[in-house]
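The values are calculated or read from the model by the stated rules, or taken from the named source; none is laboratory data. Because the structure is a prediction, the values reported are computed rather than measured. Neighbour counts are summed over all protein chains in view; Cβ atoms, including those assigned to glycine, are modelled from backbone coordinates with ideal geometry. Remember, those area values only see protein heavy atoms, side chains included, never the ligands or the DNA or RNA. Shrake-Rupley method; radii C 1.70, N 1.55, O 1.52, S 1.80 Å.
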Amino acid sequence: MSMERFLTGITTSGTPHLGNYVGSIRPSVRASLQSEVQSFYFLADYHALIKTADPARIQRSTLEIAASWLSCGLDPERVVFYRQSDIVEISELAWFLSCVVGKGVLNRAHAYKAAVDKNCAAGMDADADISVGLFMYPVLMGADILMFNAHKVPVGRDQVQHIEMARDMAHSFNHRYGSHFIEPKAVIEDNVATLPGLDGRKMSKSYDNIIPLFAPREQLQKLINGIVTDSKTPGEAKTTEGSALFQMYQAFATPSQTAIFQQDFANGIAWSEAKQRVFERIDQEIAPMRSTYLSLIQNPDRIETILKAGATQARAVATPFMNQLRHAVGLRPLQTQGMAGTTKAGKAATPVFKQYREKDGRFYFKLMSAQGRMLLQSTGFDSPHDAGKTMALLSQTGADALVGLSNHLLISPGTSDHELAMALKQLQTS
Ligand code: TRP
């Protein structure tokens, strides 16, 4: 039984707001606590370069977003949490994919098309001020996903087209070079609340109507006091429908608390009191996380260490896989020509780790030789994370790690020490 892999990225070009929390951070952290899935969450900082040319902002945003996710309960022991730019293989894979995806497909990407339409409407050249980075956005995103052979990608509706394109790229690549990629599926988060912003429209940086997730208490209160309401006076019955304040309360409260609040609306609660209640309800949930957040922000080295550990785990998958892909497309060491000639399309020509889950519910991996023979098998691990750490250690330290891990590894009969050492070396140097 193989385990389902979920993957999602967060672009590091801004400061997280309450809308991000309700729509993305909170549901993703909850989903990551399910033991049935293996989750990869990453900071999409290569993508951020498309959106901003301010280096300090990229660095600050990476710090803030990482600290936000961690303080909201993302557990780096359960989730592979990393920074996109630490996985250099991703940019190489993006190039491979750009060679199998049609330019016409990218012409149809919503973000690119919107930019073109805007230029045309302004009477400018269609491609004025549009970078190739923006045009290639879906390819980079495809590389993020396919690098880890994710099955499911939780995204908002606006990103579904990108996942379709990633499927397309996987399909084209597999068609040419053999079956390497899983075709990912979008998981659309429809039943998470979308939060209204200060002006009642969806909370979004582009509407300039946001409440920063970790605004200090006083600022949070001030911003909530600024939410638009109608001009009904205290004592007058108020409608919950279309009320930004009510929706905001609902996104944080239990159904029974919400029902009481609804009754208070009908009874003519004063807007000032309603605002106070919203503030208190939100602050109750956010306050404990806010203090964790502040302490993390003040210790960037702690976050750096966590991200580096995540990168090590992610690269334990990415590095051997990228080797396999390089071979597949014909970027091969010249002296392995003979071997390569006998390699069928789709077969790995370098050793690879394969991860899987058994009926006992435990997590395993095996190391396959370039010719597809099992060289070693692990014993069961309690979590995918533990299996990942062991693979990372093996691919970094090579044969020297074997002795220390002997309790966790079963070397296949017929695998010589030499063969194993060579295979590990190939993983290591790759
Ligand atoms: N494009 C996504 C967004 O703006 C972020 C992202 C980058 C992403 N790479 C990804 C999401 C891969 C899912 C999978 O929201």
>> Treating the range 1-126 as a set of equal point scatterers at the Cα positions, no solvent, please give the Debye-formula log₁₀ I(q)/I(0) at q = 0.12, 0.19, 0.21, 0.22 Å⁻¹.
In response: -0.61, -1.17, -1.25, -1.27
> Expressed as an acute angle from 0 to 90° and rounded to the nearest 10, what is the orientation of the C-alpha long axis of helix 160-177 relative to the principal long axis of the chain?
Replying inline: 10
> When only alpha-carbon atoms count, how far does the range 188-260 stretch along each of its three principal axes, as whole angstroms with the largest first?
Replying inline: 34, 30, 22
>> Leaving ligands and nucleic acids out of the surface, order Trp95, Trp69 by accessible area at 1.4 Å, largest first.
In response: Trp95, Trp69
> How much length, in nm to one decimal, is gained on full extension between Leu134 and Ser416, taken as 0.36 nm per residue of separation minus their Cα-Cα distance?
Replying inline: 96.5 nm
>> Please compute the length gained on full extension between Arg217 and Met374, using 0.36 nm multiplied by the number of residues separating them and subtracting their Cα-Cα distance.
In response: 50.8 nm
>> With both bridge residues required to lie in the chain, what share of the DSSP beta bridges run antiparallel, to the nearest 5%?
In response: 45
> So, in nm, how far is label Gln257 from label Asp75 when the simple model puts each one 7 Å beyond its Cα toward the Cβ?
Replying inline: 2.4
> Ala399 versus Arg30, label points 7 Å from Cα toward the beta carbon: distance in nm?
Replying inline: 5.2
> Could you give P(r) for the range 179-228, binned at 10 Å from zero, as whole percent values over all Cα-Cα pairs?
Replying inline: 21, 36, 20, 13, 8, 2
> Rounded to the nearest 0.05, what FRET efficiency do Lys425 and Glu280 have when you use their Cβ-Cβ distance and R0 = 51 Å?
Replying inline: 0.25
> Of all accessible surface on the chain at a 1.4 Å probe, what whole percent is carbon and sulfur?
Replying inline: 53
>> Can you give me the angle between helix 300-329 and the longest principal axis of the chain, using Cα atoms only, in degrees from 0 to 90, rounded to the nearest 10?
In response: 50
> When the Kirkwood radius is taken over all Cα pairs of the chain, what Stokes-Einstein diffusion coefficient follows at 25 °C and 0.890 mPa s, in µm²/s?
Replying inline: 102
> Ala122 to Val160: extension gain in nm, 0.36 nm per residue of separation minus the Cα-Cα distance?
Replying inline: 10.9 nm
>> Which of Ala186, Ala166, Ala66 ends up with the largest GNM mean-square fluctuation for the chain, with Cα atoms connected below 10 Å?
In response: Ala186
> With the other protein chains left in place, how much accessible area per residue, in square angstrom, belongs to the chain at a 1.4 angstrom probe?
Replying inline: 47
>> What does the charge count around Ile90 come to, taking other residues whose C-beta lies under 15 Å from its C-beta (Lys +1, Arg +1, Asp -1, Glu -1)?
In response: -2
> What pairs in Lys152/Lys354; Lys202/Lys232; Lys152/Lys366; Lys185/Lys308; Lys185/Lys425; Lys185/Lys205 have C-alpha atoms more than 25 Å from each other?
Replying inline: Lys185/Lys308; Lys185/Lys425; Lys185/Lys205
> Going out from 0 in 5 Å bins, what whole percent of all Cα-Cα distances in the range 214-295 drops into each bin?
Replying inline: 3, 15, 26, 24, 16, 9, 4, 2, 1
